[in-house]
């Protein structure tokens, strides 16, 4: 995957993450979950802005956000909202892993930090941590 392709894919994912966190924020009820939803929303908005700039500076036309995204089913309860937030962060981790692989230097370090952040945020939502965040389901099996 080229760097520009990885940047565009990550940007597309950030559009979806921002949308998804809007749903999460509307359904969680505890103060802690509301703070976590706001932090996730703000983090993904900041990354989206950074990626728009990176795509442009690498000669691309930034992909636009879709008008709506599939949340993977109904999200009408705090439990469903927490599950959606976990899926958002797992998906983000996968895109960040691809960006780490395509980038070098400072951008690779930035993407690795984003990957770490998504893994930690995702574990906060789901209560479980992945051994290889961003690579789950992508690693070859032994044997």
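Pull up the range 28-44, narrow it to residues that are touching a residue at least 40 places away in the same chain (Cβ under 8 Å) and surrounded by fewer than 20 Cβ atoms within 10 Å (Cβ to Cβ), then point me to the one that is nearest to residue 8 (Cα to Cα).
Applying the filter and picking the extreme gives 39.
Tell me which residues, restricted to the range 45-71, are in contact with a helix residue (DSSP H, G or I) (Cβ under 6 Å, 6 or more places away or on another chain) and either part of a loop (DSSP other than H, G, I, E, B) or touching a residue at least 40 places away in the same chain (Cβ under 8 Å) (or both).
Those that are in contact with a helix residue (DSSP H, G or I) (Cβ under 6 Å, 6 or more places away or on another chain) and either part of a loop (DSSP other than H, G, I, E, B) or touching a residue at least 40 places away in the same chain (Cβ under 8 Å) (or both): 47, 51, 54, 55, 58, 60, 62, 63, 65, 69, 71.
Do the conditions hold for residue 72, that is, is it more than 22 Å from residue 4 (Cβ to Cβ) and at pLDDT below 95?
yes
Just give me the residues in the range 92-135 being touching a helix residue (DSSP H, G or I) at 6+ places or on another chain (Cβ under 7 Å), surrounded by fewer than 23 Cβ atoms within 10 Å (Cβ to Cβ) and at pLDDT below 95, in sequence order.
129, 130, 133, 135
Which one of the conditions (1) closer than 22 Å to residue 130 by Cα; (2) at pLDDT below 95 does residue 80 fail to meet, given that it meets all the rest?
Failing condition for residue 80: (2).
The values are calculated or read from the model by the stated rules, or taken from the named source; none is laboratory data. Quantities reported herein were computed from a predicted structural model and do not represent experimental measurements. Don't worry about glycine lacking a Cβ; one is built from the backbone with ideal geometry, like all the others, and counts go over all protein chains shown.
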